[in-house]
Every structure is written in C-alpha cells, then in structure tokens.
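Peer 1: Please see the structure below; I have some questions.
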Ligand SMILES: Cc1cc2nc3c(=O)[nH]c(=O)nc-3n(C[C@H](O)[C@H](O)[C@H](O)COP(=O)(O)O)c2cc1C
C-alpha cells in the first residue's frame, strides 16, 4: 500500500484515546536492523516552533538504542480492533532481544525517507529526535504521582521529537 504525505495540522483525531486506548508503535532502524515496541503514553502538541510528539521509553527497552542511535523514528497509529490489540500486545510484551517479533507479528514493514513504519497504520508520524531527558524522582512536584506510577523507580526517558512528516494511506 502506498502512503501520501498530508499537512500535520490537517489531522482530525482525539489524541487522548489514540494514545491511551489505541496504542502505537515506536519504530527505528539502525545499522540495517529494525526494532519496534508498543507505547501507550505520550503527547502531541507544539514546542520549539514545531509540531512535536512526546514519547517515553524505559532504558531497558531494546528499541531505545535504535531510537537513540538513529535519531529518527516513526510512530504508527492503528485502528482499535481486537486483531490490532493482539498484535500490539505481543509487540509490547516481547523484546526484540529474544525473538524476531517484527517478522512474527504479521504487520508489513515499509520505509519512507529511510525510516521504517507499518503499512497497516492509519496514521504515521516520521519524527526527528530533538530532546531526551530522564524523569527524576526529585523533579516530581506531586509525590503521589511518582510513587503511584514508579513504585520500582524505573523511570522513563522522555523524548520530544519533531514530527517532520505525516503520512496516511493514499
Ligand atoms: C499497551 C502497552 C504500552 C506500553 N507503553 C510503553 C511506553 O510508553 N514506554 C515504554 O518504555 N514501554 C512501554 N511498553 C512496554 C514495551 O512495549 C515492551 O517492554 C516491549 O517488549 C519492548 O520491546 P523491545 O525490548 O523489543 O524494545 C508498553 C507495553 C504495552 C503492552
């Protein structure tokens, strides 16, 4: 399937349900290898005079080193169907360290501007990393949020990335 570029600001969607309920895949390629992982936290908005995505990746994720080394990655958003939930559940519960989950998951990998994304997505953001910083215990203004969300102190790194291209099925 071919994808076409559209202006990011022409999108009409609910980012809250798209992130929390539908989930998405963070995918990057480095040194000829591709890695992907499911995410269900983040934000979309405007920062540094750019359209941006905020995403969160724990240092333990195999995909993190791909994102960090490539500097560019895609965010692929899918319809909330039982079949997609099963696939994204698999990609979010298995590490690419342990098996070739991209080959096994049944999704179709494609590339745009050299960045891998999945053809079954309804919306794809091609992103360039701008900023990355770990959440710190001492920076939580609301200590209850910190202890509720990070009982194991396994803080994410927070990324702010420029959405430099938005793709939808042609
Ligand atoms: C619904 C869902 C949402 C997730 N959200 C995130 C997230 O925002 N950040 C994160 O680091 N891991 C998140 N994960 C966990 C990773 O997707 C999971 O650890 C995955 O196996 C990592 O794969 P990798 O080691 O191949 O990179 C999520 C998992 C699921 C199922």
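Nothing in this text is a laboratory measurement; each read-out follows from the coordinates by a stated rule. The shown structure was predicted, so the numbers you read here are calculated from the model rather than taken from an experiment. With ideal geometry, Cβ positions are generated from the backbone for all residues, glycine too; neighbour counts draw on all protein chains shown.
Peer 1: If R₀ is 30 angstrom, what is the calculated FRET efficiency for the pair residue 97 and residue 131, using the beta carbon separation as r and rounding to 0.05? The partial results should precede the final answer.
Peer 2: Numbers: r = 26 Å, r/R0 = 0.88.
So the FRET efficiency works out to roughly 0.70.
Peer 1: While we're looking at this one, here's another question. What's the angle, to the nearest 10 degrees (0 to 90), between helix 82-91's Cα axis and the longest principal axis of the chain?
Peer 2: The two axes meet at around 60 degrees.
Peer 1: Given the rule -39500 (n - 2.57) for each run of at least 4 DSSP H residues, summed and divided by the residues of the chain, what is its mean residue ellipticity at 222 nm, to the nearest 500 deg cm²/dmol?
Peer 2: Working: 4 runs with 31 residues, N = 170.
One gets -5000 deg cm²/dmol as the mean residue ellipticity at 222 nm.
Peer 1: Once you put a point 7 Å from the Cα of residue 142 and another 7 Å from the Cα of residue 85, both along the Cβ direction, what distance in nm separates them?
Peer 2: Modelled inter-label distance: 2.6 nm.
Peer 1: Between rounded, prolate and oblate, where does the stretch 69-126 land on the alpha carbon gyration tensor, with a ≥ b ≥ c its root eigenvalues, rounded for a/c under 1.5, else prolate if a/b exceeds b/c? Please report the intermediate quantities before stating the final value.
Peer 2: On the way: a/c = 1.94, a/b = 1.18, b/c = 1.65.
Judged from the Cα gyration tensor, the stretch 69-126 comes out oblate (a/c at least 1.5, b/c at or above a/b).
Peer 1: Still on this structure, please answer the following. Order these peptides, 87-94, 29-36, 116-123, 143-150, by their mean beta-carbon neighbour count within 10 angstrom, highest first. Intermediate values should be presented prior to the final figure.
Peer 2: On the way: 87-94: 17.6, 29-36: 16.0, 116-123: 20.2, 143-150: 11.6.
So the order, starting with the most tightly packed, is 116-123, 87-94, 29-36, 143-150.
Peer 1: If you don't mind, there's one more thing I want to ask. Which whole-angstrom value gives the distance between the alpha carbon centres of the stretch 60-77 and the stretch 92-110?
Peer 2: Computed from Cα coordinates, the inter-centre distance equals 14 Å.
Peer 1: Let me ask something additional. Taking the alpha carbon gyration tensor of the stretch 3-169, what are the square roots of 5 times its eigenvalues, largest first, to the nearest whole Å? Walk me through the numbers on the way to the answer.
Peer 2: Details: eigenvalues 111, 75, 53 Å².
Ellipsoid semi-axes (Å, largest first): 24, 19, 16.
Peer 1: In addition: Provide Rg and Dmax in Å for the stretch 27-68, with only Cα atoms included in the calculation.
Peer 2: 12.0, 32
Peer 1: Let me ask something additional. Measuring from a point 7 Å past the Cα of residue 10 along Cα-to-C-beta, which residues in the stretch 114-150 have an amide N at less than 19 Å?
Peer 2: Residues 121-127 qualify, since their backbone N sits under 19 Å from the label point.
Peer 1: Label-point separation (nm) for residue 164 and residue 31, each offset 7 Å from Cα along Cα-to-Cβ?
Peer 2: 2.3 nm
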